[in-house]
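Please read the structure below before turning to the comments.
The values are calculated or read from the model by the stated rules, or taken from the named source; none is laboratory data. Everything numeric in this text was worked out from a predicted model, so none of it was measured. Cβ: placed from backbone, ideal geometry, glycine included. Neighbour counts: every protein chain shown. Heavy atoms of the whole protein, side chains included, go into the accessibility calculation; ligands, DNA and RNA do not. Shrake-Rupley method; radii C 1.70, N 1.55, O 1.52, S 1.80 Å.
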Amino acid sequence: MATTHILKREGVLPTETELLVDRALQDLEAHSPELKKDLRPIQITSVKDVDVSAGRKAIVIFVPVPMLKAVHKVQQRVTRELEKKFSDRQVLFVAQRRIMRKPARINRAKQPRPMSRTQAVVHDKILDDLVYPTEIVGKRTRVKVDGSKTIKVFLDAKDATSLEYKLDTFSAVYKRLTAKDVVFEFPAEQTF
């Protein structure tokens with residue numbers, strides 16, 4: 001079976017997990033006519049398995065940044081179907097972004113580094129990609145006495161029932177991708 005959804009450089013072979021996800025996307029495309037048109041152009045650059053607490057796993061599917069908008073159109077339905085196929089794993093979509101190093105005296109580039117390639121912006125975008133389709137309504141950075149930082153992310157309360165079981169997965173995947181500690185919460189209702 002041809003790998004229709006995998007986008008790799010010349011000579012780089014796809015991993016076994018990438019082939020499994022590719023086959024699952026092809027099955028979805030073949031068996032659901034309403035998704036066929038939207039799934040056809042979607043490509044994946046890589047797939048990572050992330051261990052979440054208590055023996056659970058998550059599959060992180062990386063897509064090219066220009067294709068992210070097309071993925072967002074069908075992400076909820078595709079995620080639901082892929083989680084049915086991989087019953088023991090949760091599925092997340094993240095854009096494949098690149099961090100460029102800060103220019104130094106030795107390696108001055110002819111062009112300035114775009115803001116979209118800085119580490120802070122890339123990490124913020126990864127956070128947005130992980131929690132999609134919900135929105136981040138607030139962020140707090142807590143610095144402890146020993147110097148360690150923890151980011152508290154507050155998600156939109158209207159999605160609390162549908163995302164409650166995924167909060168640990170979000171934290172584990174973000175920690176694996178960025179090496180930063182993050183805690184996801186839903187804001188408490190404030191009465192005035």
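Here are the numbers for the structure shown:
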{"item": "Candidates 22, 181, 146: whichever shows maximal mean-square fluctuation once the chain is modelled as a Gaussian network with Cα springs under 10 Å", "result": "146"}
{"item": "Among 141, 17, 178: highest mean-square fluctuation, GNM of the chain, C-alpha pairs under 10 Å", "result": "141"}
{"item": "The chain: relative contact order as a whole-number percent, Cα under 8 Å and 6+ apart", "result": "15"}
{"item": "Region 18-92 - share of DSSP beta bridges that are antiparallel (%, nearest 5)", "result": "60"}
{"item": "Packing-based order for 59-72, 24-37, 110-123, using average beta carbon neighbours within 10 Å, highest first", "result": "59-72, 24-37, 110-123"}
{"item": "Share antiparallel - DSSP beta bridges, the chain, percent rounded to 5", "result": "50"}
{"item": "Accessible area in square angstrom per residue, region 48-192, 1.4 angstrom probe", "result": "65"}
{"item": "Within the accessible area of the chain (1.4 Å probe), percent carbon and sulfur", "result": "51"}
